[in-house]
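Scroll down for the structure; my scribbles are underneath it.
The values are calculated or read from the model by the stated rules, or taken from the named source; none is laboratory data. Bear in mind the structure is a predicted one, so any value in this text is a computation, not a measurement. Cβ placement follows ideal geometry from the backbone for every residue including glycine, while neighbour counts extend to all protein chains displayed.
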Amino acid sequence: MKIALIDDDEVFRETLARSLRRRDHEVIAIDGQQAGEECRNFQPEAILLDLKMPGQTGLTLIPRLKEVVPGARIVMLTGYGSISTAMEAVKLGCSDYLMKPVDSDQIEAALEGRAKPPEVDVPTLDRVEWEHLQRILADCGNNISQAARLLGIDRRSLQRKLAKYPPPR
């Protein structure tokens with residue numbers, strides 16, 4: 001299979017490319033800047049695409065790649081997965097969405113369309129609330145007063161919630 005591997009992490013890109021070549025795939029390993037032109041010339045059957053890259057995201061590359069290589073199967077790889085980005089990737093034309101770290105067997109299964117759905121680990125409601133509070137606090141630069149205002153709760157209530165240990169998953 002002809003595979004284009006698009007990732008900004010050169011070490012990861014070259015390591016994965018070497019692994020895929022050992023499995024008898026023809027692979028080009030490129031960064032996001034070269035993606036359109038290289039894919040036009042190479043005409044891959046499958047594209048492994050990183051989500052987070054400097055200057056652009058994998059999501060912004062999907063329409064261009066679909067235009068250049070309309071029949072290619074696109075698999076999104078990311079270490080920053082979320083339901084919203086997975087849904088957006090699928091809407092834009094990705095056939096699969098894999099979380100890093102990922103091994104060659106998982107990638108091969110996704111490229112062949114036989115990937116099994118991931119085990120769903122549903123966090124508790126307390127855990128979801130705790131993670132949400134942590135994210136809002138981080139977005140506010142750890143300013144508790146500002147985070148409390150955004151959340152619509154009293155500053156002391158937020159401090160009490162944050163002082164607790166993280167709830168189990």
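Before moving on, here are some points about what is shown:
- Criterion: modelled with pLDDT of 90 or more and not polar (S, T, N, Q) - qualifying residue of GLU67, GLU112: GLU67
Quick grid of which residues meet (1) hydrophobic (A, V, I, L, M, F, W, C); (2) touching a residue at least 12 places away in the same chain (Cβ under 8 Å); (3) in contact with a His (Cβ under 6 Å, 6 or more places away or on another chain):
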| position | (1), (2), (3) |
| --- | --- |
| SER84 | no, no, no |
| GLU88 | no, yes, no |
| LEU92 | yes, yes, no |
| LYS100 | no, yes, no |
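- Positions within segment 1-58 being without any contact (Cβ under 8 Å) to a residue 40 or more places away in the chain, among the β-branched types (Val, Ile, Thr) and surrounded by 16 or more Cβ atoms within 10 Å (Cβ to Cβ), in sequence order: VAL27, ILE28, ILE30, THR57
- Meets criteria (among the β-branched types (Val, Ile, Thr), assigned by TED's automatic domain parsing to the domain that holds SER19, under 22 Å from ARG40 (Cα atoms) and assigned to a helix (DSSP H, G or I)) for ILE62: yes
- The one condition in (1) among the aliphatic types (A, V, I, L, M); (2) buried (at least 16 other Cβ atoms within 10 Å of the Cβ); (3) not assigned by TED's automatic domain parsing to the domain that holds GLY36 that LEU150 fails to fulfil: (2)
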